[in-house]
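Each remark here refers to the structure printed beneath this line.
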Amino acid sequence: MQYDLEDLRALLRRDPEPVVFFYGGEPLLNPAYIMKVMDSVKAKRFGIQTNGLLAKRLPPEYWRRFDVVLLSIDGVEEVTDRYRGRGVYRAVLRTLRWLKEEVGCRCEVVARMAVGRASDIYRDVSHLLSLGFDKVHWQLNAVWTDEWDPREFLEWGRSRYLPGIARLRDWFLAEAARGRLLGIVPFLGIYRAMLLRPYDWIPCGAGRRAFAVNTDGRILACPIAVSERWATVGDVKRGVVKADFKLDDRCSRCEYRHICGGRCLYTHYEKYWGEEGFDAVCEITKATIRILEEGKGVLEDLLARGVVRQEDLDYEPILDSTEVIP
Ligand code: SF4
């Protein structure tokens, strides 16, 4: 790290309830730094996003202090290994079991998926939940990818992905009727906004409620925007000095803004996929929201009858470092 840990401590002291996440790259390449931070700052909540391959580099007593652990895995073995390399699926599952059975980590373990052409959203989400992950979150492999172009992505989205979302929704509602809320993060986050608390900004909080401290001490609005000038909002010594981000016009006027929140700050400033790409992702987002909207009445009724508790549906993505909208 190129900054002084004392500066980080002082920065976090300005926040009455700091939520501290470690991520990279791969944060477990530097376990000594993780331990140093955990030993010297006070946090309301600790979390980590990791590929899970180097878990044993961090001693169990530190793992037990995490509230949430996000492990990268894409679904069934064939899909995960196709995108992440042979043997990755099994290695991540060994980490999941190690954390739950040997370490005795009381944290929630979230499967963090990237969803692409080889994915089957219903099969992969239900599979991961059946393995013992507490929650599943995913992001679509769009914008930063050579896997397909916006037109191919849209074709796949309409013909394969959205029907799977409808099937997942039916399962989610059937389980909710039995009083069990499945840990499907995009559904929890969207229904929360639809029924309880709308978003007034991008759900992950980028640039307003969530910031990343880069290894060089710069504070970034978004952890992936490490080299984009617009994303630097301050530094670890001075804190956040300038953060006046705005959503694209389309989002400001959008009927789903209170649910989608504008989806992703980065894609408002860097349009790698151009306007066509923005529209393609947006069409899939709106269609996803509409599919969930069809089940809104059922969930409202379950809430009114106390079958589902309001506090269980009141999902807060900033506490889990998730983005809600895939
Ligand atoms: S659905 Fe599309 S236009 Fe609407 S807020 Fe989300 S990204 Fe913006």
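The values are calculated or read from the model by the stated rules, or taken from the named source; none is laboratory data. This is a predicted model, so every value here is computed, not measured. Ideal geometry is used to build each Cβ from the backbone, glycine not excepted, and the neighbour counts take in all protein chains shown. Surface accessibility is based on the protein's heavy atoms, side chains included, excluding ligands, DNA and RNA. Shrake-Rupley method; radii C 1.70, N 1.55, O 1.52, S 1.80 Å.
Does Gly277 satisfy the condition of being touching a Cys at 6+ places or on another chain (Cβ under 7 Å), touching a residue at least 24 places away in the same chain (Cβ under 8 Å) and within 16 Å of the ligand (Cβ to nearest atom)?
no
Looking at Gly116, is it touching an Asp or Glu at 6+ places or on another chain (Cβ under 6 Å), without any contact (Cβ under 8 Å) to a residue 60 or more places away in the chain and not charged (D, E, K, R)?
On the way: touching an Asp or Glu at 6+ places or on another chain (Cβ under 6 Å): yes; without any contact (Cβ under 8 Å) to a residue 60 or more places away in the chain: yes; not charged (D, E, K, R): yes.
Answer is yes for this residue.
Only one of (1) without any contact (Cβ under 8 Å) to a residue 12 or more places away in the chain; (2) within 30 Å of Asp67 (Cα to Cα); (3) within 16 Å of the ligand (Cβ to nearest atom) is not met by Arg309, so which one is it?
So the condition that Arg309 fails would be (3).
So that you can scan it fast, the table gives a plain yes or no per residue for (1) part of a helix (DSSP H, G or I); (2) open to solvent by 40 Å² or more (accessible area, probe 1.4 Å); (3) assigned by TED's automatic domain parsing to the domain that holds Leu154:
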position: Arg65; (1), (2), (3): no, yes, no
position: Asp74; (1), (2), (3): no, no, no
position: Glu78; (1), (2), (3): yes, yes, no
position: Tyr83; (1), (2), (3): yes, yes, no
position: Ala111; (1), (2), (3): no, no, no
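For the stretch 177-266, give me every one of the helices (runs of 4 or more DSSP H) that falls completely inside it and has 2 or more residues that are more than 16 Å from the ligand (Cβ to nearest atom) and either assigned by TED's automatic domain parsing to the domain that holds Gly164 or at pLDDT below 95 (or both).
Ranges flagged: 185-195.
Here are some residues: Leu168, Leu173, Leu181, Leu162. Which one is within 15 Å of Pro326 (Cα to Cα) and open to solvent by 10 Å² or more (accessible area, probe 1.4 Å)?
Leu162
Quick one: Leu53 ticks every box in (1) touching a strand residue (DSSP E or B) at 6+ places or on another chain (Cβ under 6 Å); (2) in a loop (DSSP other than H, G, I, E, B); (3) buried (at least 19 other Cβ atoms within 10 Å of the Cβ) bar one, so which box is it?
So the condition that Leu53 fails would be (1).
Within the stretch 302-324, how many residues are open to solvent by 70 Å² or more (accessible area, probe 1.4 Å) and of a type in the set (D, E, K, R)?
4
Looking at (1) closer than 30 Å to Leu303 by Cα; (2) in contact (Cβ under 8 Å) with a residue 60 or more places away in the chain; (3) outside any loop (DSSP other than H, G, I, E, B), find the lone condition where Leu154 falls short.
Of (1) closer than 30 Å to Leu303 by Cα; (2) in contact (Cβ under 8 Å) with a residue 60 or more places away in the chain; (3) outside any loop (DSSP other than H, G, I, E, B), only one is false for Leu154: (1).
Condition check: touching a Gly at 6+ places or on another chain (Cβ under 7 Å) and either free of Cβ contacts under 8 Å to residues at least 60 places away in the same chain or open to solvent by 70 Å² or more (accessible area, probe 1.4 Å) (or both). Does Val241 satisfy that?
Considered against the rule, which asks whether it is touching a Gly at 6+ places or on another chain (Cβ under 7 Å) and either free of Cβ contacts under 8 Å to residues at least 60 places away in the same chain or open to solvent by 70 Å² or more (accessible area, probe 1.4 Å) (or both), Val241 comes out as yes.
How many residues, within the stretch 195-207, are over 18 Å from Pro27 (Cβ atoms) and buried (at least 17 other Cβ atoms within 10 Å of the Cβ)?
Adding up the residues that qualify gives 7.
Part of a loop (DSSP other than H, G, I, E, B), surrounded by fewer than 16 Cβ atoms within 10 Å (Cβ to Cβ) and acidic (Asp, Glu): is that true of Glu276 in this structure?
no
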